[in-house]
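Here is the structure we will look at.
The values are calculated or read from the model by the stated rules, or taken from the named source; none is laboratory data. This structure is a prediction, so every number in the text was calculated from the model and none was measured. With ideal geometry, Cβ positions are generated from the backbone for all residues, glycine too; neighbour counts draw on all protein chains shown. Accessible surface is based on the protein model in full, side chains and every heavy atom, while ligands, DNA and RNA are left aside. Shrake-Rupley method; radii C 1.70, N 1.55, O 1.52, S 1.80 Å.
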Amino acid sequence: MNLRIPGPTPCPPEVLEAVGRQMINHRGPEFAEMLARVDKGVKHVYQTKNDVALLTSGGTGAMEALVVNTLSPGDHVLAVSIGAFGDRLASIAETYGADVVRMKLDWGKGADAAEIDKALAADSKFKAVLVTHNETSTGVCNDLESIAKAVRKHGDILLLVDAVSSLSSVPLPVDKWDLDAVASGCQKGWMVPPGITMVSMSARAWKAYEQSKMPRFYFDVGRARDFAKRGQTPWTPAVSIFYGLDVALGILLKEGLESIYARHERCASLARNGAKSLGLQLFADQRYASNTVTAVKVPEGVDGKELTKVLREEYDTVLGGGQQHLAGKIFRIGHLGYVQEADIEAVTEAVGKALPRLGFSPSRAAAS
Ligand SMILES: *Cc1c(COP(=O)(O)O)cnc(C)c1O
């Protein structure tokens, strides 16, 4: 099965073997040793000296942690949304009582740092900016470095980042770009089954934490920090997933960050060029094309849901569909984590075989 959705992603055999191991005492010395190793590896991938909380949950839990650990009800925040995950982050902040101003862009577009700069300049009350680094629903990777520079021009405004589908796969130097809190999730580029998420906290974020009044319990990163000093987590962690992450970090560190980024770049260009070679059009503004997920327009006259079904049932290829209003209109190829060029070439081949069976011919697409 060629599973090419943007998470959960396939896992290396060594990781799968690790997650099947017998349990240990999560308050004993073996767990403490593993936690220290995982903490070190995760910080290396984050390129940070900041604390990184390791939480047991899916990625949305880490998004919630970004909000509840740094903000207070009534805080004026700018939520930059370029798709489904940006909307989700804004909704979480609203749910906890933040005063959210949404900067909503058309799906497929990337956020403009100058626009963010302008919005912050026009209103001095903003406490934080929420932004998605890589918008998985559209295949757009925001220019986070420029966005961070724009935010920093306005003093100590917090920059809270959902990097669930980018961190570990594309360059994201957390300290160099001075990002305050950055969320990731192990089931994306980290090559591990779902269950652990990470949230880095800058000094500025910790200061905000001390003043933050949003309710929090399970996702309290201060508790995570205090327990981590003793080699523990506040609550029972996903022990098996820690085993997997420990092994996956070994694989990632051995390959090296630069090689990982280059491999993702190669796989992404194969996905984009493969789609174009079939006569298909890409959905995202290509100036912001993501190196972890590619969204492709379903051609006129073809039923998008039927396409993913035929691919799954007859070509052993599982791709993502479109979310919300894009359901049936795009399909998404995940190329992050445990992926090689051949996996993406196989996707192009399968799509090329399935499409004509659904009434598509490239010459017709080119003519329309
Ligand atoms: C997958 C993803 C999430 C959420 O992860 P879940 O584990 O499904 O909760 C959040 N943000 C982005 C950008 C993602 O790709």
Identify all residues within the stretch 110-150 that are more than 13 Å from A79 (Cα to Cα), within 16 Å of the ligand (Cβ to nearest atom), in a loop (DSSP other than H, G, I, E, B) and touching a strand residue (DSSP E or B) at 6+ places or on another chain (Cβ under 7 Å); write none if there are none.
G110, T136, T138, G139, N142
Inside the stretch 254-295, can you point out the residues that are of a type outside the set (F, W, Y), within 19 Å of T132 (Cα to Cα) and surrounded by fewer than 23 Cβ atoms within 10 Å (Cβ to Cβ)?
D285, Q286, R287, A289
Residues in the stretch 110-123: is at least one farther than 25 Å from S212 by Cβ and in contact (Cβ under 8 Å) with a residue 40 or more places away in the chain?
yes
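Does L78 satisfy the criteria of being open to solvent by 20 Å² or more (accessible area, probe 1.4 Å), at pLDDT 95 or above and assigned to a strand (DSSP E or B)? Lay out the reasoning, then the answer.
Details: open to solvent by 20 Å² or more (accessible area, probe 1.4 Å): no; at pLDDT 95 or above: yes; assigned to a strand (DSSP E or B): yes.
For L78, the condition - open to solvent by 20 Å² or more (accessible area, probe 1.4 Å), at pLDDT 95 or above and assigned to a strand (DSSP E or B) - is not met.
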If the requirement is being open to solvent by 10 Å² or more (accessible area, probe 1.4 Å), at negative phi, touching a helix residue (DSSP H, G or I) at 6+ places or on another chain (Cβ under 9 Å) and in a helix (DSSP H, G or I), which of these qualifies: E313, E349?
E349
Filter result for W107 (under 16 Å from I82 (Cα atoms) and part of a loop (DSSP other than H, G, I, E, B)):
yes
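Here is a check on your reading of the model: is L245 modelled with pLDDT of 95 or more, open to solvent by less than 20 Å² (accessible area, probe 1.4 Å), within 19 Å of the chain's Cα centre (by Cα) and of a type outside the set (V, I, T)? Outline the logic, then answer.
Numbers: modelled with pLDDT of 95 or more: yes; open to solvent by less than 20 Å² (accessible area, probe 1.4 Å): yes; within 19 Å of the chain's Cα centre (by Cα): yes; of a type outside the set (V, I, T): yes.
So L245 passes the test.
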Complete set of residues in the stretch 207-237 that are touching a Lys or Arg at 6+ places or on another chain (Cβ under 9 Å), touching a residue at least 24 places away in the same chain (Cβ under 8 Å) and surrounded by fewer than 12 Cβ atoms within 10 Å (Cβ to Cβ)
R230
From G189, G97, G155, G86, residue being assigned to a loop (DSSP other than H, G, I, E, B) and open to solvent by less than 10 Å² (accessible area, probe 1.4 Å):
G189
